[in-house]
Amino acid sequence: MTIHATECLLRLHDQHHELEDYQSGVPRWCTGCGDNAILAAVQRLCRDEKLRPEKTMFVSGIGCSSRFPHYMKTYGFHGIHGRALPVAEGIKMARPDLDVFVNTGDGDCCSIGAAHWIHAIRYNMNMTVMLHDNQIYGLTKKQASPTSPRGLKSNTTPRGAYLEGLNPLTVTLGVQNVSFVAQAVDWIPEVLYDIMRAAYHHNGLSFVRILQRCPEWLPDMFEPFMHDPMKTKLLTHEKGLQLSANLSKVYKNQEQHDPSDIHRAREIASGHDPIPVGILYHNPEVPVYEELRHAGQQRSAGYIKTNFEAELDKFTVWPPKADSKVQPSA
Amino acid sequence: MQVELQAHIAFHLTGRMPQGDGDALARSDLQPALLAGYRDLTALRYDFPLVLAAGADKQPVQSLSALFDGALKGIAANGDGERIRKHAGRLEREIRKLIAEGTTGTLSKLCDLATVRIGAKNDESLQKSLDRLRAALKIDGEVIDCDKAMPFRLFQHAWQGLQDQKALKFRAQINTLILKLSDILSADFGHSKEGMSAERLQASIGAAHRDTFDFAAMSRMLTAASVNVPMAESRRQRVRGLLATLRTQRFFPPAIESDKWIGVAEPYSFAFDTCSEAVAAYRERLPKMTELAKAMAIAKLETDGEYSEARHDAFFAQFGDNGLDADDIAAFPDYLVCLRAADFRAAESDLILRAFVSGMPAKLVVLTDDLLEQSPIRDDYLIAGLRSRQLAGTAIGFGASYVLQASASNLFQLREQVLSGLAYRGPALFSVFSGANASHLPAYLAAAAATESRAFPSFTYDPSAGPDWASRFSLSANSQADLDWPSQRLDYEDEEQQRVSETVAFTLVDFAATDPRCAKYFAKVPRAKWTADLLPVSEFLTRERKDLADKVPCLLMVDRDNRLQKVIVNDTLVREARRCVEAWRSLQEFGGIHNSHAARLLEQERKVWAEQAQAAAAAVSQQTSAAAVASPAAVAVPAAVVAAPAAAEAAPEKSPDEPYIETARCTSCNECTQINDKMFGYDANKQAFILNPDAGTYRQLVEAAENCQISIIHPGKPRNPNEPGLDELIKRAEPFL
């Protein structure tokens, strides 16, 4: 139930923010880094959706990607390695009214934070997760990450990586309760923005893997894809992405893909070349954990105190006749 | 003319039977033939009795038989299914008998009683079946039969359920606001001097470690270091005022956690027996309601940190002056008024209609017990359901109120409509016929007969269903709504024990025949005098008057021994039946059945269409004769016209001499802006464009083009011909032109 008059008032005095109002400081990322494109797209999204900075939250772990909250003039939480998702879930549980975004990298999410990632998908809480996937540990200067392709030479794999890279899309699409999976590339900003907007509007956990260039350590990684538009396959559908006429002219390799078809989504997700870009899977019907658990209920001070005491009492050993000493004398 | 016929016509016209020519009607003996099968209702399985289910998540009105069927579906699937089914049937029959005897109570109580009465104690298998059945019956609640009190009970129950749901939502919201407002005050206190005093700091730490700290020093340091600006006094006052308003509201019971509040008066009651009481209460509570809605709106802003005195004070000073918003009103309880049509005075009806117009959220249930009233002007005139017709008609006329008319027997069938009427945002009128009048039929049958005979047709008018009559008005709950009178097949056995099948209509006259007060309008005709001149009433009503000179309307009835009888009818009832069918036909038109406007329009369209078709046919025949003379090339013309425009639209090409950036593809990577931020700039979407081509050198343009990761910078031709090293630069720029 909403009080109508209030809604009117809020609309009356709607504050309009410019993109710069969401910008905080000059990013410390290298010149040419794909993270800049993601930042610009997200700031654009915040402006266009009129997100109130004090009601918006960016949570991250550790890595280049995870510096993201510093550059947003909203609330942020630069967490610890691999733990961006649990922190974000806690925030959402206590404050379901906030818009929560998570920025995590291929090392942060797919290596040390892998367990949290799997369970966050299963919990399906309403938040937007951006996996900045540059396929390398950049902040610590070029070590192989779980998504580095086989044969990649790095400081930790001087003879080339021995293993196939992990595919975050197929992993995510294999987890129970998955509700939104998309892939974007930082060098097509228009599509990146469209995908981010769709992800934001989805009620549930939206997982967006963004292939992101690292000009410092892997300058040639995506070179072929950037120079041959046929090596990018855009997924379009009336329920997914719709491309502008100009973009359609450049990217002619397109596929009509219904995002509700999870089997085809899994097939598409397994492809590396051409890179699939678009919304692979979308199911708005999956239950959202905080809604199942009626999160965000107001608790009075008395309620918190009673339950907190009860919780501590579980661990208290009460020696005989200790009551008078411990209990405050009236 | 035969003597019998003369006597019959005399009765038809005057109401008097010449001596010895016909039997005076011994009333209670006869029933309309179509009702013959329904003498003993307890032996039949039908909608009633109903169970008023307790619990917010359940459908509030359920049918006993459907409940039993549902329970059996789950448990009677195995081998012993047949046995359980039989035993459940016995229990259900016994409950029906108990109800018919006047026993009241909940389903579980009636089940207990019935179990004892059918002797389950001495029959282990019966007891076992009933135990399993009882376990599968997930619903409990009061059981009610179709009697005089039923409609009010049903409406009160359904209304209460909806109010409980509203209360739940409302209280959750109020509770949240109260807690958040209290948090604002306590945070303010925590930052104040008193909040940081040594005593308070001490009190916040457990007794065990109290001696470890110097609270006075702590207080001094905290107070000195505090940069917190105390809350403005006006805000503090406002928050306190809001808290007081929210805590003392009486529209809903107080929220659970705040039960302890002192001085909270009893919550208001919203169920009334008269309109005047309801309207008076509404008027009295309106200012309080406005105040509470306002407090909630302010509190919401306040807790979101959005309240600004400069902006909002003026607005809220006038809040509610023009009445509350429909959404705001909808959150508050509805006023339920249950009254009997017989007690309904003209002044009351005027009052309630005025309240309806002003949008009072009233749910008015008007129960009619007697449909056949004497006309106030002429004694020999009967008027069927005058008052209810009048009220429902006026309420529909307003356009913005929900109107439902139905007999008590149809209420279960219309339960969804009853619920949506009660939940409707605005006034709603429910006009119900109870069937519990002097008639010797059970209330259920009398009510059903009233609907069937069009004396009290069912309809709903739901303004929320759409913008027009087609979506708002529905007659679908009536049987065979497209006919004047519904008709059923009647099978009986004639003197030669042969099966005879006949289609018999159920008319207003049949309904009147169930009422002992109408006995004087009927006369039984001995079998020997059954002639072809006795015409069924339904047929009599459809024939032209001039063909009726030597006909007498008659009804088929059955007596106590289930023998078919014919009964002739006095003209008074026939006249009333004509009026009734007139009223029914105008309802049909509202409901889109045999709609005269539509029929007229259709006729017109048909005519136009026919003319066009004729014209087209004429043109074709002319053309074919013309085509024989001219060449056939003319046919191809339209195709050529369509083909032309497609090529026109093309994007304006950029001049290769001018430098430019494909801005939409820019990834905001800062490569170019770091080379020269006067030359390259970002637009509102943080994507690069050429800010000023003359703010730097051609060399910078070419370098930016080379550095751009996605090659979207096009340097164009050099603007300054004297720039050093131009030849080399032009060569380097070539791939990006």
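The values are calculated or read from the model by the stated rules, or taken from the named source; none is laboratory data. Predicted, not measured: the structure shown is a model, and the values here were computed from it. Cβ coordinates were reconstructed from backbone atoms using ideal geometry, including for glycine residues, and neighbour counts include every protein chain displayed.
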Fill in the blank from the handout: Turns out the strands (runs of 3 or more DSSP E) fully within the stretch A:121-229 with at least 2 residues that are away from every other protein chain (no Cβ under 14 Å) and touching a Lys or Arg at 6+ places or on another chain (Cβ under 6 Å) are A:127-133
Practice task
Could you grab me the full set of residues in the stretch B:680-700 that are free of Cβ contacts under 8 Å to residues at least 24 places away in the same chain and not in a strand (DSSP E or B)?
Solution key: B:Asp683, B:Ala684, B:Asn685, B:Lys686, B:Leu691, B:Asn692, B:Ala695, B:Gly696
Problem - Of residues in the stretch B:668-704 being in contact with a Lys or Arg (Cβ under 9 Å, 6 or more places away or on another chain) and within 14 Å of chain A (Cβ to nearest Cβ), the one nearest to B:Leu729 (Cα to Cα) - result: B:Glu703
Practice task
Please tell me if B:Ser479 is among the hydroxyl-bearing types (Ser, Thr, Tyr), over 24 Å from the mean Cα position of the chain (by Cα), at pLDDT 80 or above and not in a strand (DSSP E or B).
Solution key: no
Exercise for the section: Test B:Gly426 against the stated conditions and say whether it is within 22 Å of B:Ser349 (Cβ to Cβ) and in a helix (DSSP H, G or I). Expected result: no
Handout entry: Filter pass, B:Ser401 being of a type in the set (Ser, Thr, Tyr) and under 20 Å from B:Ala481 (Cβ atoms)
Key = no
Completion exercise
Restricted to the stretch B:149-187 and to residues being under 23 Å from A:His294 (Cα atoms) and among the polar types (S, T, N, Q), the residue surrounded by the fewest Cβ atoms within 10 Å (Cβ to Cβ) is B:Gln165
Handout entry: Number of positions in the stretch B:682-712 that are buried (at least 17 other Cβ atoms within 10 Å of the Cβ) and either within 60 Å of the chain's Cα centre (by Cα) or not hydrophobic (A, V, I, L, M, F, W, C) (or both)
Key = 15
Handout entry: Top-ranked residue in the stretch B:287-298 [being touching a residue at least 24 places away in the same chain (Cβ under 8 Å) and more than 9 Å from chain A (Cβ to nearest Cβ); ranked as farthest from A:Lys55 (Cα to Cα)]
Key = B:Lys288
Problem - Selected residue (criterion: nearest to B:Ala299 (Cα to Cα)) from residues of the stretch B:183-207 that are part of a loop (DSSP other than H, G, I, E, B) and within 12 Å of chain A (Cβ to nearest Cβ) - result: B:Ser204
Practice task
For residues that are over 24 Å from B:Gly15 (Cβ atoms) and either part of a strand (DSSP E or B) or without any contact (Cβ under 8 Å) to a residue 24 or more places away in the chain (or both), tally how many sit in the stretch B:565-597.
Solution key: 5
Fill in the blank from the handout: Being farther than 30 Å from B:Ile396 by Cα and among the aromatic types (Phe, Trp, Tyr) narrows B:Tyr461, B:Tyr444, B:Tyr492 down to just B:Tyr492
Problem - Test for A:Pro219: is it modelled with pLDDT under 95 and either crowded, with 18+ Cβ neighbours inside 10 Å or of a type outside the set (A, V, I, L, M) (or both) - result: yes
Exercise for the section: Specify which of the listed residues (B:Leu353, B:Leu391, B:Leu404) is modelled with pLDDT of 80 or more and either surrounded by fewer than 21 Cβ atoms within 10 Å (Cβ to Cβ) or closer than 26 Å to B:Ala278 by Cβ (or both). Expected result: B:Leu404
Problem - Inter-residue pairs, beta-carbon under 6 Å, first assigned by TED's automatic domain parsing to the domain that holds B:Ser434 and in the stretch B:446-464, second of a type in the set (Asp, Glu) and crowded, with 24+ Cβ neighbours inside 10 Å, 6+ apart - result: B:Ser453/B:Asp510
Completion exercise
Note on the stretch A:73-98: residues surrounded by fewer than 21 Cβ atoms within 10 Å (Cβ to Cβ) and outside any loop (DSSP other than H, G, I, E, B) are A:Tyr75, A:Gly76, A:Phe77, A:His78, A:Pro86, A:Val87, A:Gly90, A:Ile91, A:Met93, A:Ala94
Exercise for the section: For B:Asp561, state whether it is outside the structural domain of B:Ser407 (by TED's automatic domain parsing), in a loop (DSSP other than H, G, I, E, B) and charged (D, E, K, R). Expected result: yes
Handout entry: Single match in B:Ala33, B:Ala71 (criterion: at pLDDT 80 or above, buried (at least 16 other Cβ atoms within 10 Å of the Cβ), in the same structural domain as B:Asn562 (by TED's automatic domain parsing) and more than 25 Å from the chain's Cα centre (by Cα))
Key = B:Ala33
Practice task
For A:Ser248, indicate whether it is among the small types (Gly, Ala, Ser) and part of a loop (DSSP other than H, G, I, E, B).
Solution key: no
Problem - Count - residues of the stretch B:308-331 that are crowded, with 20+ Cβ neighbours inside 10 Å and not in a helix (DSSP H, G or I) - result: 2
Practice task
Hey, could you check the stretch A:31-68 for residues that are charged (D, E, K, R) and in a helix (DSSP H, G or I) and say which is nearest to the other protein chains (Cβ to nearest Cβ)?
Solution key: A:Arg44
Handout entry: Test: residue in the stretch B:330-341 that is facing chain A (nearest Cβ under 10 Å) and at pLDDT below 80
Key = no
Completion exercise
Among the residues of the stretch B:488-507, the number that are of a type outside the set (D, E, K, R), exposed (fewer than 14 other Cβ atoms within 10 Å of the Cβ), outside any loop (DSSP other than H, G, I, E, B) and more than 40 Å from the chain's Cα centre (by Cα) is 2
